[in-house]
Amino acid sequence: HGHGHGKDGDLRFAAVPPNTDDRLTVPSGYASAVVVRWGDPVLPGAPAFDFERQTAAAQAAQFGYNCDYVTFFPMGEQRGLLWVNHEYTDENLMFRGYTDGSAATPEQIKIAMAAHGGSVVEVERAGRSGQWKLITQGRRRYNRRVTVHTPMRFTGPAAGSDLLKTAADPAGVKPIGMLNNCAGGTTPWGTVLSGEENFNQYFVNGNGVPEAQKPFLTRYGVSATTGIPSGNRRFDRVEERFDLAKHPNEINRTGWIVEIDPFDPDSTPIKRTALGRLAHEGATTSLAEDGRVVAYMGDDSRFEYVYKFVSKNRYIRGFDRHNRSLLDEGTLYVARFTGDSPAAEIDGSGKLPSDRSFDGSGTWIPLVSGNVSHVPGMTAQEVLVYTRTAADKVGATKMDRPEDVERNPVTGGVYVALTNNTNRTPAQADEANPRAANKHGHILEIVERRNDAGATTFAWSLPLVCGDPSDPSTYFSGFDKAKVSPISCPDNVAFDADGNLWISTDGNQLGAHDGLFVMPVRGSEKGYLRQFLSVPVAAETCGPLITDDQRSVFVAVQHPGESTGATPEAPTSHWPDGGTSQPRPSVAVVWHKQGKKIGS
Ligand code: FEO
Ligand code: CA
Ligand code: CA
Ligand code: CA
């Protein structure tokens with residue numbers, strides 16, 4: 001491998017100490033800048049942001065709220081595209097005097113709808129530095145907004161299923177918009193895969209669905225006994241399809257992986273049903289040894305599962321029409337993790353077992369291949385629409401909130417971020433989820449058999465058990481705990497060109513702000529975790545991306561100021577604009593002031 005020395009990860013920066021500053025803090029020698037903020041014009045002709053006079057029409061042409069997944073497509077040395085997910089909205093921070101969805105104005109509800117989805121924005125490099133800036137003038141042919149109202153289509157084995165048919169779409173093939181898009185990935189053919197995550201929160205009147213559907217609603221986190229859940233945004237007040245009593249199948253049309261072509265602003269986003277329906281954190285791809293496409297996926301809830309999809313056919317470089325059908329046919333698997341230490345040594349305390357490692361072997365259990373179900377009592381379409389129920393039946397391993405799952409392009413290891421699970425009891429502890437009341441989460445590494453992403457068995461281990469290093473239940477691959485940074489609640493992962501693992505956090509339980517961390521996964525510094533940046537008050541760090549040239553890090557600073565009771569009259573963050581300004585979720589870029597490689 002041609003990058004760096006390989007041996008120790010090449011990381012030399014001094015770690016950012018844990019802190020509670022209302023700013024983006026980066027290491028000495030680095031600089032940061034905001035690239036694009038909530039409300040910045042995206043489509044040519046969009047009005048400038050005006051917090052006091054926001055409209056749905058303006059929002060639909062401006063950068064959305066709560067930026068999450070970020071990916072970057074270079075177009076030469078000086079120009080590029082950013083794709084950014086807009087996961088959800090904080091109405092209590094967006095509108096003065098907001099109480100709840102039932103009292104909101106229809107225009108406020110429409111603004112929230114337009115602030116969901118995703119954005120494509122063109123950016124340009126500042127001179128020869130690692131800084132990138134939003135292009136605000138002239139031709140921006142790729143800029144796009146995707147929202148709750150963007151026409152989409154279903155493909156794959158569940159397209160046209162009775163479970164996806166509604167009054168507005170009797171063929172069950174044309175869903176409208178996407179909801180709660182959290183993390184994501186890219187494909188080898190240059191498109192985005194965006195995950196619809198906590199879609200359950202957008203619907204009302206679950207008590208009004210047919211009895212036979214109620215167990216499935218419940219399994220997906222929707223109350224089947226409640227009319228209007230508290231805190232509901234009440235999209236149903238402006239669009240009837242969000243009322244489950246009237247349109248019980250509408251909810252089945254969300255919870256998918258959505259493929260979007262960032263280079264064709266007129267293209268129709270595609271919900272790929274072959275990848276199953278769950279609270280999709282995201283999907284990241286790799287190629288099997290034989291060229292089949294593999295998508296790794298997590299279902300971010302307590303006691304949910306890790307999945308992967310393996311295409312039937314092989315990727316053929318440059319054969320675009322062929323490649324764009326690969327995610328429609330293949331096998332969807334769910335993971336079972338088996339420990340190699342005696343069960344009696346896994347007591348929920350996090351104490352290492354006698355073999356000094358949380359590790360073992362595992363199996364990818366097939367759920368469905370094309371139109372063939374592998375789950376007794378369920379059709380292929382039922383497996384794809386009610387994937388959680390299917391996985392329950394085959395003995396998959398219940399994990400501590402599986403979020404990003406991504407393969408290291410240098411080593412081939414597959415890393416699973418397990419954010420936390422305070423509900424796990426000591427009796428429920430297993431070697432892959434070894435701590436009861438797991439407040440701080442952990443990272444699991446899968447090594448596929450023969451290091452082939454297409455394999456159906458694997459070895460696994462936990463290279464990182466998070467928390468304060470003074471906590472005896474933490475583990476940093478055996479590295480000297482006196483030198484590492486505290487870390488809590490790993491969420492998104494990324495890799496640099498040296499194969500170092502980058503981890504962003506959501507919900508730090510150690511009293512400091514969330515941040516971005518990096519840890520070598522091999523060599524003499526394996527486990528030497530260091531904090532690279534921290535984010536402002538009440539923000540989450542999302543979408544980390546280290547550019548291929550290793551000169552820039554993009555991060556999404558999601559929900560700054562999202563503190564209990566915060567309002568526009570009493571904001572808890574003024575990031576990024578400072579002074580007395582309202583907080584604005586924004587994508588930022590970090591670079592070394594002397595143009596050195598990230599991590600130097
Ligand atoms: Fe939207 Fe799983 O974080
Ligand atoms: Ca073991
Ligand atoms: Ca996330
Ligand atoms: Ca999160």
Residues satisfying the stated conditions in segment 199-215, i.e. surrounded by fewer than 20 Cβ atoms within 10 Å (Cβ to Cβ) and either within 16 Å of ligand 1 (Cβ to nearest atom) or under 30 Å from Ser325 (Cβ atoms) (or both): Gln201
First in segment 580-600 and within 22 Å of Pro568 (Cβ to Cβ), second anywhere and among the polar types (S, T, N, Q) and modelled with pLDDT under 95, Cβ under 7 Å, 6 or more apart: none
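Collect the residues in segment 349-364 that are more than 16 Å from ligand 2 (Cβ to nearest atom) and surrounded by fewer than 22 Cβ atoms within 10 Å (Cβ to Cβ), keeping them in residue-number order.
Step one: of segment 349-364, the residues more than 16 Å from ligand 2 (Cβ to nearest atom) are 363-364.
Thr363 - this is the single residue of segment 349-364 that is more than 16 Å from ligand 2 (Cβ to nearest atom) and surrounded by fewer than 22 Cβ atoms within 10 Å (Cβ to Cβ).
Please find, within segment 541-553, the residue that is surrounded by the most Cβ atoms within 10 Å (Cβ to Cβ) out of those that are away from ligand 3 (no atom under 16 Å from the Cβ) and at negative phi.
Applying the first criterion (away from ligand 3 (no atom under 16 Å from the Cβ)) to segment 541-553 yields 546-553.
Within this subset, residues satisfying the condition of being at negative phi are 546-549, 551-553.
Numbers: Ile546: 25, Thr547: 19, Asp548: 11, Asp549: 13, Arg551: 20, Ser552: 22, Val553: 27.
So, considering only residues that are away from ligand 3 (no atom under 16 Å from the Cβ) and at negative phi, the one surrounded by the most Cβ atoms within 10 Å (Cβ to Cβ) is Val553.
Of all residues in segment 524-540 being closer than 29 Å to Ser357 by Cα and in contact with a Leu (Cβ under 9 Å, 6 or more places away or on another chain), which is surrounded by the most Cβ atoms within 10 Å (Cβ to Cβ)? Can you show your working first?
Taking segment 524-540 and keeping what is closer than 29 Å to Ser357 by Cα, we get 524-532.
Applying the additional criterion that residues be in contact with a Leu (Cβ under 9 Å, 6 or more places away or on another chain) yields 525, 527-532.
Numbers: Glu525: 20, Gly527: 19, Tyr528: 22, Leu529: 26, Arg530: 22, Gln531: 25, Phe532: 28.
So the residue we want is Phe532.
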Counted residues, segment 534-551 - those being closer than 21 Å to Met75 by Cβ, not in a strand (DSSP E or B) and not acidic (Asp, Glu): 3
Gly377 more than 16 Å from ligand 2 (Cβ to nearest atom) and farther than 26 Å from Ala288 by Cα: yes
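Filtering segment 299-319 down to residues that are small (Gly, Ala, Ser) and farther than 20 Å from Ala437 by Cα, which residue is nearest to ligand 2 (Cβ to nearest atom)? I'd like the intermediate steps shown before the answer.
Within segment 299-319, the first condition is being small (Gly, Ala, Ser), and the residues that meet it are 301, 311, 318.
Of the ones still in play, those that are also farther than 20 Å from Ala437 by Cα are 311, 318.
Numbers: Ser311: 33, Gly318: 45 Å.
Taking the candidates together, the pick is Ser311.
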Qualifying residues in segment 508-533 (those that are in contact with an Asp or Glu (Cβ under 7 Å, 6 or more places away or on another chain) and small (Gly, Ala, Ser)) - the one nearest to ligand 4 (Cβ to nearest atom): Gly523
When residues of segment 389-443 are limited to those that are acidic (Asp, Glu) and farther than 24 Å from Gly507 by Cβ, the one farthest from ligand 2 (Cβ to nearest atom): Asp392
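So for segment 524-534 (the condition being among the hydroxyl-bearing types (Ser, Thr, Tyr) and out of contact with any Pro (no Cβ under 9 Å at 6 or more places or on another chain)), does at least one residue qualify?
Residues of segment 524-534 that are among the hydroxyl-bearing types (Ser, Thr, Tyr), as a first pass: 524, 528, 534.
Those still in the list that are out of contact with any Pro (no Cβ under 9 Å at 6 or more places or on another chain) too: 524.
Checked segment 524-534: at least one residue is among the hydroxyl-bearing types (Ser, Thr, Tyr) and out of contact with any Pro (no Cβ under 9 Å at 6 or more places or on another chain).
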Residue count, segment 455-472 (criterion: closer than 30 Å to Ala295 by Cβ, over 22 Å from the mean Cα position of the chain (by Cα) and part of a loop (DSSP other than H, G, I, E, B)): 2
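The values are calculated or read from the model by the stated rules, or taken from the named source; none is laboratory data. Predicted, not measured: the structure shown is a model, and the values here were computed from it. Note: ideal-geometry Cβ built from the backbone for every residue, glycine included; neighbour counts use all protein chains shown.
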